[in-house]
Amino acid sequence: MSKQNKTITESARTVSYMLNNKRVTRGVGLFKDRQSIGQLAVREATRISTAFLKTVKDFIEITFEPAAALKKDNAWNIASSRIRKEAIRGLYPEQQIDFSSLCLSQGDLPPVDNLELKVEKDRLEYSWNPGNTRNGMLWNDKVMLLVYFPEIKKAEFILSGANRNEGKQIFIPLKFAIPRVIETYLTFISSNHKTVSDSVYTGRLIW
Amino acid sequence: MAKYIPGQLGRIEGKLGELVLYQRRGIPVVKRRPGKRKLKASASQMLQQEKFILATRFLSQVRAVISLGYRDRKTSMTVQNRAIGNFLRNIFQHTEGGVLMDYTKVLIADGELDCLYETQVTALKGNFMQLTWLEQRYLQSGVSGEDQVCLLFYNQEKEISYLQESAGKRSDCELSLHLPEFMSDLNFHIWVFVISESGKEVSSSFYTGNYTVIR
């Protein structure tokens, strides 16, 4: 999508309009030429990342908002860009998301110390060092947790959990009759939502 | 398809010479009057016609549900056309004797709203049917515990359907239905889906199985 300083126009092949206070121009219409493997691979990566992002939209709209504000873009685009660059693995048409490389938040807040995840029968218990307040960490930073079920493409999350100084948070994901694979993530966000830490991948579990 | 602007005679509908005038989604349109096919249909055309007949017959039985279950997406297609398209693409199995409908693949609702998980149906004596599902503690935006659970019952032999709208709420995690007398001892395919409290959003339907209503 190119940026232009021209007035809003629409021709047969392009359309220009304002997006987030920027003038942008993009192509319109169907792409009829034969597509190269590279183009198909990009489309497949977009399809995979979009399908995933739809399920975690509420989460990433908060966690990528500070980064989006800096880049004058929106949270979806930043998240999509990071997934495609860092977490899509494999060659077309066998591409898939590598959940261990997936980043679900982006910011300057330092990551948490001494993070531990304890798996109980019906719950996940996260704990961390509650006393650490170095480099901008505050006692009232909120923990955010996300659990993703890749087999059924379903995400569950806590957007505003315990304060940092509480040192623990319990999460009770859906418990299916058949054990399911879950991918788990944790991040911290300041109470005013202006700074956020990079997300921490807390592992793949059978739940 | 040509559109026309009604003149002083007002809106015209029906055949007019070689043309047919009708309303499509509130817009007056004109198309050529259909004529008889002169060439014999090929094998693949006959197969497609057979599918179309089955899909249309099923759709006519569940029309009320389709208009609920397919209204979520904003497209230029009518809900009927979207449903027929979905059926033709997904639900038919090719056998030596022709085509068969695979009811497990039928989507009687197609939307973005979060559905119910681990739905289980139990048929109980006295025309009762019990449905349970998992409790969702962490609801996403747009999803509410007040969302309405809907069930569709369809009997293949007698081609009868029964829609139970607002049978319960998402937060209930279980519901019990007392079904009408005419459903006793009959076998029904059952689908479940959810409609938002505002009625604007709908989940995709889930096929729970084939159950007999016990008298």
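Kindly check whether there is at least one residue in region B:94-111 that is in a strand (DSSP E or B), among the hydroxyl-bearing types (Ser, Thr, Tyr), under 30 Å from residue B:47 (Cβ atoms) and in contact (Cβ under 8 Å) with a residue 60 or more places away in the chain. Spell out how you get there, then give the answer.
Taking region B:94-111 and keeping what is in a strand (DSSP E or B), we get B:94-95, B:98-101.
Remaining after also requiring among the hydroxyl-bearing types (Ser, Thr, Tyr): B:95.
So of that shortlist, the ones also under 30 Å from residue B:47 (Cβ atoms) come out as B:95.
Adding the requirement that they be in contact (Cβ under 8 Å) with a residue 60 or more places away in the chain leaves none.
Taking every residue of region B:94-111 in turn, none turns out to be in a strand (DSSP E or B), among the hydroxyl-bearing types (Ser, Thr, Tyr), under 30 Å from residue B:47 (Cβ atoms) and in contact (Cβ under 8 Å) with a residue 60 or more places away in the chain.
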**OP:** Starting from region A:52-63, keep only residues that are more than 9 Å from chain B (Cβ to nearest Cβ), then list their pairs with residues that are basic (Lys, Arg) whose Cβ atoms are within a distance under 8 Å, requiring at least 6 positions of separation or different chains.
**Re:** A:52/A:153
**OP:** Answer with yes or no whether residue A:65 is charged (D, E, K, R), crowded, with 16+ Cβ neighbours inside 10 Å and either more than 21 Å from residue A:162 (Cα to Cα) or not assigned by TED's automatic domain parsing to the domain that holds residue A:184 (or both).
**Re:** yes
Original post:
Which of (1) buried (at least 17 other Cβ atoms within 10 Å of the Cβ); (2) in contact (Cβ under 8 Å) with a residue 60 or more places away in the chain is the odd one out, the single condition residue A:203 does not satisfy?
Top reply: (1)
Subject >> Top-ranked residue in region A:163-207 [being within 17 Å of residue A:148 (Cβ to Cβ) and of a type in the set (Lys, Arg); ranked as farthest from the other protein chains (Cβ to nearest Cβ)] >> reply: A:204
Original post:
Residue check: is residue B:138 within 14 Å of chain A (Cβ to nearest Cβ), farther than 18 Å from residue B:210 by Cα and of a type outside the set (Gly, Ala, Ser)?
Top reply: yes
Original post:
So is residue A:110 away from every other protein chain (no Cβ under 14 Å), touching a strand residue (DSSP E or B) at 6+ places or on another chain (Cβ under 8 Å) and on the phi < 0 side of the Ramachandran plot or not?
Top reply: yes
**OP:** Filter region B:37-85 for residues that are assigned to a helix (DSSP H, G or I), aliphatic (A, V, I, L, M) and more than 17 Å from residue B:113 (Cβ to Cβ) and give the result.
**Re:** B:43, B:46, B:47, B:53, B:54, B:55, B:59, B:64, B:83, B:84
Original post:
Are there any pairs, at least 6 apart or on different chains, whose C-beta atoms fall under 8 Å, with the first in region A:27-45 and exposed (fewer than 10 other Cβ atoms within 10 Å of the Cβ) and the second not hydroxyl-bearing (Ser, Thr, Tyr), and if so, which?
Top reply: A:29/A:12; A:29/A:13
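Would you call residue B:159 farther than 24 Å from residue B:85 by Cβ and away from chain A (no Cβ under 14 Å)? Before you say what the answer is, go through the steps one by one.
Working: farther than 24 Å from residue B:85 by Cβ: no; away from chain A (no Cβ under 14 Å): yes.
Taking the combined requirement at face value, the residue does not satisfy it.
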Original post:
Going by the conditions given, is residue B:182 of a type in the set (Phe, Trp, Tyr) and away from chain A (no Cβ under 14 Å)?
Top reply: yes
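The values are calculated or read from the model by the stated rules, or taken from the named source; none is laboratory data. None of these values were measured; they are calculated from a predicted model. Glycine gets a Cβ as well: all are built from the backbone with ideal geometry, and neighbour counts include every protein chain shown.
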